[in-house]
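One structure is given here, and the rest of the page talks about it.
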Amino acid sequence: MGKQAHDPRLALANALNKGKTAVAVKPKEVKEAAGPNNTAGRGKGAGRRKKDPSPEIQKSRREIEAEQRRLVEENEKQKEEFYAAQATKKAQDRKGIEGCVTYVEDKDTRKPVAVNDISEFWTCDLGALPFMPDDNVGPVDVPEGVDVHLRLDYLRLLRDLLRRLLKMKFNVFWSQVIYDASLRRCLDSYLRFCLRAHDVPDDVADQLTATNSDEDPVAAEEQRLAREISGAVLAVMLRLSRPQETSHDFLSDETFANFIYEHGIFDVPKLIDICAIYGDSNRTTVTKMVHGVFAHQPRYVIDFQAVVQDMLDSLQQCCTPLQQSADATVTAGGSRGGSSSSSSGVKKEAGGGLSVDECLVYLPDVLSCFLGIFCFFPEECREPLLNSSLDGGLPLADVLAVLHEAVTALGQRSVDGSSDEDAQCTSACKTSSRLLARLLSCVLGLRMSPRRGVAAFQDLLDWLKEQADRGSLLADLGKHGMENVAMEWLASGLTDEAQLDYLEELCGSLLPKEARARRRHGAATAKAKSAAGGSSGAAPSRTTAGSDAAKIREVRDIVGTDFGEGMVLQCLLHYGGSVPAVVGAILDGSLPPQLQALPQGLALNENPAEALAPKPEKAKLSADEKKRVLDQAGRMDREATDVAAAAALAAESGEVEEPVKFPSMYDDDVDDTALVPQGFGGVGGNQGSDLDGSDAEENGDASSSGEEGDGSIQWRNNRGRGGREKGKGKGRGKGEPVQGQTIEARRKEANKAKVANHNRKSGALRKMAKAM
């Protein structure tokens, strides 16, 4: 029976129940395990036991990697959104980069960190090396010990460096220039040692341009790299001269002025070098650059004053040996065609120990510096040089004339020789003579320009007549620069044909035939119109030619598009088509009054005379004005009708009221003839005081109604301050005075209806009439 036989309860029951059927014991009921809602069968504290944790779902490796990738992408997206929001806010604030920050990711914490826009953080090692004279490519021979291939590698490196610099963002570009001293040294050395235009003769320049890459590929590539580097340096200097590139990428004017001055980005010698290197081929860009730098930093003008004497000393240093050599040549030859330099007053002592050959090498550089100043610098910088003189006391123009004579004499002496040295000397003398003629034309054009008055042209003719014995000088002036001076005088209209003919007789043909013919035609047309009584306001029939359109575009590229094409055309006509003269006058603010009076945005098809004429008043009224006039007239008619109706109503009621014409808010005159109802007539100063009335009644001087009795009776209280008798004003009746009333009170009482409430008396009458 198994375990059931050993059950004591079953054994006892079977023993007591003999002979009967055995009793089967019911099996014990097995209690169910306590579930979540069943606490039965649990011991003490079973309800506070923690339930068994459910087993976690195990993720696969692929799912874990996918979640990590999504988390990384979300973080990157949040960073990008943050950076974009900061960039947008920065663009909207439009503050100078000196006070702005840019958020970048920290390398250690991987969190955004604010970095100032002008900071050393943005710089990198460009590996800039200084430019040396041996790195020039051109007519100079390759010096000994210079490897052409190494020089080619350096030129490539410099070209790539400049391109990389130009591609930088605005704040990165300025940070690199400010904190990278090697880069500034490289730019300075290039401007110092680069070849100038006068260093390359015209015939050699044509040969370099026609260099075939098949014949000499290294030389051809060097020429190409030299041109690219030259353009890139000009682009870098132009970018450095501009404080703003976009609406949100800019430097404040004060910060820009401090940067370029304190860090030596620009200085007076550097600006002169830029003019000497790029002035002839990039006149527009150089003019804009130089004037912009001087406009933002006026301290350069002060620095220039200190450089003037050094430049004059350098010119004197070259002038003295050349003049002495020319005198020795003439003395050996016995005679010369020009005037003696010994009597000119120029110093004869050695001006620094330079030889003639050294002077011929050094003189073109000095003259190109002077040309850059006179052609591109502001007027406040040119005036000290114009009014200066050398040690001998001669003005600058006379010194240049003497120097031109000495150089010409040396060039003629070298022509007779056949050696290479003589050929080089002749070429140097020709270059110096050309530069001297250009510089002298600039000096004469500035000292004797139309802005100096009519007498300046006669001074120009007198100076040229004094140089009549220097035929080579006058011929070179006619070839190099004097034509611009003549065109300026032609456009000014201050000279006649005879004076211009005499100028061309001295210097040769200067003015083109079409310019003289155009002036004669314009003068004849103006004379015919004045004789016929025709108006001078007719629009000009002259159409601009292609050259004029090109000059207009060139001027507007420099001065800006705020100046209209018509305004620029009038300036060109005034200055004889000279673009530098127009640009200089506009930038210096020295335009003549007749041009300053013209509208700045004058169009090409607009007539200047009509633009200056006062605009006539409008002959017709607009629709709004007509509507306002009609509304006002209708309102006045309605008010007149209301007054007439009120008068008729008053007449029917038995009261007579004199009709008032337009008794409206515009009727400010007091109507004393209108009937005043009782209670409205005694308001204000016309009503006597109780004290005065009682006194009058006691003495019998006045009735109780306020009417006066005998005029000879005096009032008792008629003394004012100091015992003086009070004045007598208007009486209570019409035209009768009130005793004791001052003149001011009377005037106030009489005119009180002219202001405030607009004729209250008439309005009150109308109300009373309507009530009746």
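The values are calculated or read from the model by the stated rules, or taken from the named source; none is laboratory data. Small disclaimer: the values here were computed from a predicted structure and weren't measured. Reconstructed Cβ throughout: ideal geometry from the backbone, glycine too, with neighbour counts over all protein chains shown. Ligands, DNA and RNA are excluded from the accessible area calculation, which covers all protein heavy atoms including side chains. Shrake-Rupley method; radii C 1.70, N 1.55, O 1.52, S 1.80 Å.
Residue pairs whose Cβ atoms lie under 8 Å apart, sitting 6 or more positions apart in sequence or on different chains, and linking a residue in the range 374-387 that is touching a residue at least 12 places away in the same chain (Cβ under 8 Å) to a partner that is open to solvent by less than 10 Å² (accessible area, probe 1.4 Å) and part of a loop (DSSP other than H, G, I, E, B), are Cys375/Gly279; Phe376/Gly279. Looking across the range 573-585, the residues that are within 23 Å of Glu380 (Cα to Cα) and either open to solvent by less than 10 Å² (accessible area, probe 1.4 Å) or in a loop (DSSP other than H, G, I, E, B) (or both) come down to Tyr575, Ser578, Val582, Val583, Ala585.
Asp365 falls short on exactly one of the conditions (1) open to solvent by less than 50 Å² (accessible area, probe 1.4 Å); (2) within 49 Å of the chain's Cα centre (by Cα); (3) modelled with pLDDT of 85 or more, and that condition is (1). Residues considered: Arg185, Arg164. Of these, the only one that is surrounded by 14 or more Cβ atoms within 10 Å (Cβ to Cβ) and in a helix (DSSP H, G or I) is Arg185. Taking every residue in the range 254-279 that is of a type in the set (Lys, Arg) and pairing it with any residue that is at pLDDT 95 or above and open to solvent by 30 Å² or more (accessible area, probe 1.4 Å), at least 6 positions away or on another chain, the pairs with Cβ-Cβ distances below 9 Å are Lys270/Asp188.
Residues are listed down the side, and each one gets a yes or a no for (1) in a helix (DSSP H, G or I); (2) open to solvent by less than 90 Å² (accessible area, probe 1.4 Å); (3) at pLDDT below 55:
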position	(1), (2), (3)
Ala619	no, no, yes
Glu625	yes, yes, no
Arg628	yes, no, no
Asp637	yes, no, no
Ala647	yes, yes, no
Ala651	yes, yes, no
Gly654	no, yes, no
Glu657	no, yes, yes
Phe662	no, yes, yes
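For the range 368-391, the tally of residues that are open to solvent by less than 40 Å² (accessible area, probe 1.4 Å) and over 18 Å from Pro580 (Cβ atoms) stands at 3. Just to be sure I understand, how many residues within the range 167-182 are open to solvent by 50 Å² or more (accessible area, probe 1.4 Å) and under 24 Å from the mean Cα position of the chain (by Cα)? The number of residues fulfilling the criteria is 1. Annotation note: of Asp557, Asp588, the sole residue that is open to solvent by less than 90 Å² (accessible area, probe 1.4 Å), under 27 Å from Met482 (Cα atoms) and modelled with pLDDT under 80 is Asp588. Residues being open to solvent by 40 Å² or more (accessible area, probe 1.4 Å), at pLDDT below 85 and in a loop (DSSP other than H, G, I, E, B) are represented in the range 110-123 by at least one member. A search for C-beta distances below 7 Å between a residue of the range 583-600 that is closer than 19 Å to Lys288 by Cα and any residue that is of a type in the set (Asp, Glu) and surrounded by 11 or more Cβ atoms within 10 Å (Cβ to Cβ), counting only pairs 6+ apart in sequence or on different chains, returns Asp588/Glu379; Ser590/Glu379.
Of the residues making up the range 89-98, those that are at pLDDT below 90, of a type outside the set (Asp, Glu) and assigned to a helix (DSSP H, G or I) are Lys89, Lys90, Ala91, Gln92. When the range 386-445 is filtered for residues that are at pLDDT below 85, among the charged types (D, E, K, R) and part of a helix (DSSP H, G or I), the ones remaining, listed by number, are Arg413, Asp420, Glu421, Asp422. Yes or no: Leu126 surrounded by 10 or more Cβ atoms within 10 Å (Cβ to Cβ), at pLDDT 85 or above, at negative phi and assigned to a helix (DSSP H, G or I)? Taking the combined requirement at face value, the residue does not satisfy it. Look at the range 74-99: where a residue is touching a residue at least 60 places away in the same chain (Cβ under 8 Å) and a partner is open to solvent by less than 60 Å² (accessible area, probe 1.4 Å) and among the charged types (D, E, K, R), sitting 6+ places away or on another chain with Cβ atoms under 7 Å, you get Ile97/Asp117; Ile97/Asp249.
Counting only residues that are touching a helix residue (DSSP H, G or I) at 6+ places or on another chain (Cβ under 6 Å) and not aromatic (Phe, Trp, Tyr), how many does the range 275-284 have?
First pass over the range 275-284, keeping only residues touching a helix residue (DSSP H, G or I) at 6+ places or on another chain (Cβ under 6 Å): 275-276, 278-280, 284.
Subset that is not aromatic (Phe, Trp, Tyr): 275-276, 279-280, 284.
Of the residues in that region, 5 qualify.
So that you can scan it fast, the table gives a plain yes or no per residue for (1) at pLDDT 65 or above; (2) surrounded by 14 or more Cβ atoms within 10 Å (Cβ to Cβ):
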{"residue": "Asp496", "(1), (2)": "yes, no"}
{"residue": "Leu503", "(1), (2)": "yes, yes"}
{"residue": "Lys529", "(1), (2)": "no, no"}
{"residue": "Gly533", "(1), (2)": "no, no"}
{"residue": "Pro540", "(1), (2)": "no, no"}
{"residue": "Thr543", "(1), (2)": "no, no"}
{"residue": "Gly564", "(1), (2)": "yes, yes"}
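Selection of the range 459-476 for residues being open to solvent by 30 Å² or more (accessible area, probe 1.4 Å), part of a helix (DSSP H, G or I) and free of Cβ contacts under 8 Å to residues at least 40 places away in the same chain yields Asp459, Asp462, Glu466, Ala475.
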